[in-house]
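J.: I'd like to ask you about the structure that follows.
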Amino acid sequence: MHTLARKPWLSQYPVGVPADVDLSGYTSLVDLLETAFREHAPLEAASFMDQSFRYQDIDNHSMALGAWLQSLGLPKGARVALMMPNVPQYLVAIAAVLRAGYTVVNVNPLYTPRELEHQLKDSGSEVIIILENFAHTLAQVIDHTPIKHVIVAAMGDMLSFPRKQLVNFVVRHVRKLVPAFDLPSSSQRQVIRFNTALTQGQHKTLTRRAIGLDDIAFLQYTGGTTGVSKGAVLLHRNVLANTLQCEAWFRPRIDAIGHRHLTMVCALPLYHIFALTICYFIGCRLGCRNVLIPNPRDIPGLVKTLSKHRINMLPAVNTLFNALLNNPEFAKLDFSGLKVCFGGGMSVQKATADQWFKLTGCPIVEGYGLSETSPVATANRLDISEYSGTIGVPISGTEVVLRDDEGNDVAPGQPGEICIRGPQVMAGYWNRPDETALVMTPDGYFKSGDIGVMDENGYVRIVDRKKDMILVSGFNVYPNEIEQVVNLHPGVLECAVVGIPDEHSGEAVRLVVVKRDPNLTTEALAAYCKENFTAYKRPRKIEFRDALPKSNVGKILRRELR
């Protein structure tokens, strides 16, 4: 009873979901991967450009690439940067780096030269595996980085002949997606093609290194939404724990589906922690087929790919769910196999969730997490049938408390900063003890920077980012609340709210809207806001735009609007 009083969320768990997870059967993430490769060997691990790749293929290729990496003589724990979209080479590279005893540094392939230089220098990466489409960015800064070895992949590298040649020709010469780059080999630097490294690695032996739960698996750089990009140090323990936590949470639903071989859409980029854990590691654990989507912004292309598969699981962010709903061809797909739609990365809007459920019959189950929590910390039950407006309850082995600015726990129903403790919480920020000290409490909680409210059953509702809060004449205004309501207006496609300086009230609310109905006016929207919000919450300024600034995962960037 004492435990339930302290952890009221345990009473909300579905039957079969444990209060904790057990890592004792594993020495590292490598154990989990190699078990998956062995148990699911003949099953399809990925589908890419209409070609299948089995778990056995990923196993063999990653062993060869890992052996090649070890032949470079790098010390255990050396950082290897991966800069690719969702291509099969990425699946191989993650496993290869971990099996070789090194640390993966995931890099956003759309980074500018300045952002790339910062991450490579900050992480101390000596090796980079990069898709040639982005090699021109690397070429501009490589001399200012510690990179000594470059492995250049091409889009079609892992496809069979003659499709490989055709895809690479189209990408390079028809669609012109590979800008010219100059990355010559020299006495200081080796530049090699991905397939050449694989071939050479097949004649080498992968040495089994002693890799433990407290070794670093990933340096996962934060998106920079809260300032300078920092590397969250994710140990093997952290990502392994979160994989097992998510599996425990998914298991009752998956057992109820009864499918032996589930198909998951991997449209979120694998360099982002959400797809990395949910699609890659959970996918391996469950023996799923991942449908790899290299460019999720091409919605017509995505829908065309989806039409070729019977999809069971779709992790996505609100903007992607919304974009699919606004594509007329998407409505024609067969949704009978769709059983799990997991929303994260940003708030799922009620308007999107309601419309999605009406069309597909599968609810969007919202969860919550951060790069620093590997990522999932809370989730709604997968057997819900309607939008809850909450981020759910803490998952197995996770504790969440809400605290005020003085570090005191707040009462149920009162807003406070969401603080998370559990085996998935990072070891700290890479080489940033000062930054680590700002977010880790003496009793082991990670301070998320998000303001939430927890009810008496342990369900948490986010009211906003701490720094996005708008202070109007001493009243707190949370942009999420305004956005949720404005998004319900039939004439609104999407919107964002930020604070602007105001000489009378200190700050005022500014609303930026992308229209669904071209005839929508500021007057009509102002009247709608007057009807729905008390005076201090109403937008002082309303403006229309053709698009909102977004990160590469589709998260709306309020700081850019500010």
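Read-outs: derived from the displayed coordinates by stated rules, not from any lab. A quick note: this is a predicted structure, and the numbers were derived from the prediction, not measured. We place every Cβ from the backbone using ideal geometry, glycine too, and count neighbours over all the protein chains shown.
J.: Taking the highest mean first, how do the peptides 449-457, 149-157, 183-191 order by number of other beta carbon atoms within 10 angstrom per residue?
T.: 149-157, 449-457, 183-191
J.: Moving to a separate point now. When Lys and Arg each count +1 and Asp and Glu each count -1, what net charge do the other residues less than 13 Å away from Arg558, Cβ to Cβ, add up to?
T.: Around Arg558, the charge tally is +3.
J.: Enter the angle in degrees (range 0 to 90, nearest 10) between the Cα long axis of helix 29-39 and the first principal axis of the Cα atoms of the chain, meaning the one along which they spread out most.
T.: 70 degrees
J.: How big is the gap, in Å, between the Cα center of region 125-155 and the Cα center of region 298-356?
T.: Each part reduced to its Cα centre gives a spacing of 34 Å.
J.: Next question, about the same structure. Once Lys and Arg get +1 and Asp and Glu get -1 on their Cβ, which of Val497, Phe544, Phe475 lies farthest toward the positive end of the dipole of region 416-562?
T.: Value: Phe544.
J.: For region 469-561, take every pair of Cα atoms, bin their distances at 5 Å starting from 0, and report each bin as a whole percent.
T.: Spelled out bin by bin, region 469-561 gives 3, 14, 27, 25, 19, 10, 3, 0 percent.
J.: Can I ask one more? May I ask for the angle, rounded to the nearest 10°, between helix 113-123 and the longest principal axis of the chain, with both axes built from Cα atoms and the value confined to 0 to 90°?
T.: Result, in degrees: 70.
J.: Right, something else. Work out from phi, with θ = phi - 60° and the Karplus expression 6.51 cos²θ - 1.76 cosθ + 1.60, the ³J(HN,Hα) of each residue of region 318-328, listed in order in whole Hz, and give x for Gly and Pro.
T.: 3, 5, 6, 4, 5, 4, 5, 4, 8, 9, x
J.: Throw me the Rg/Rh for region 55-211, computed over C-alpha atoms with Kirkwood Rh, two decimals.
T.: Rg/Rh: 0.95.
J.: Go through region 61-69 residue by residue and turn each phi into a ³J(HN,Hα) via Karplus (6.51, -1.76, 1.60, θ = phi - 60°); whole Hz please, and just put x for glycine and proline.
T.: Running phi through 6.51 cos²θ - 1.76 cosθ + 1.60 with θ = phi - 60° gives 5, 5, 5, 5, 5, x, 5, 5, 4 Hz.
J.: Turning to a different aspect of this structure: With θ set to phi - 60° and the Karplus curve 6.51 cos²θ - 1.76 cosθ + 1.60, what are the ³J(HN,Hα) couplings of region 456-465 in order, to the nearest whole Hz, using x for Gly and Pro?
T.: After applying 6.51 cos²θ - 1.76 cosθ + 1.60, I find 5, 9, x, 6, 10, 10, 7, 9, 3, 6 Hz.
J.: While we're here: Scattering from the C-alpha atoms of the chain alone, worked out with Debye: what is log10 I(q)/I(0) at q = 0.09, 0.11 1/Å?
T.: -0.68, -1.04
J.: Could you pull out every Cys in the chain that lacks a partner Cys with its beta carbon under 4.7 Å away?
T.: Cys246, Cys284, Cys288, Cys341, Cys362, Cys419, Cys495, Cys529
J.: Which of the peptides 198-209, 103-114 is most tightly packed, and how do the rest follow, going by the mean number of other Cβ atoms within 10 Å of each residue?
T.: Ranking, from highest mean packing down: 103-114, 198-209.
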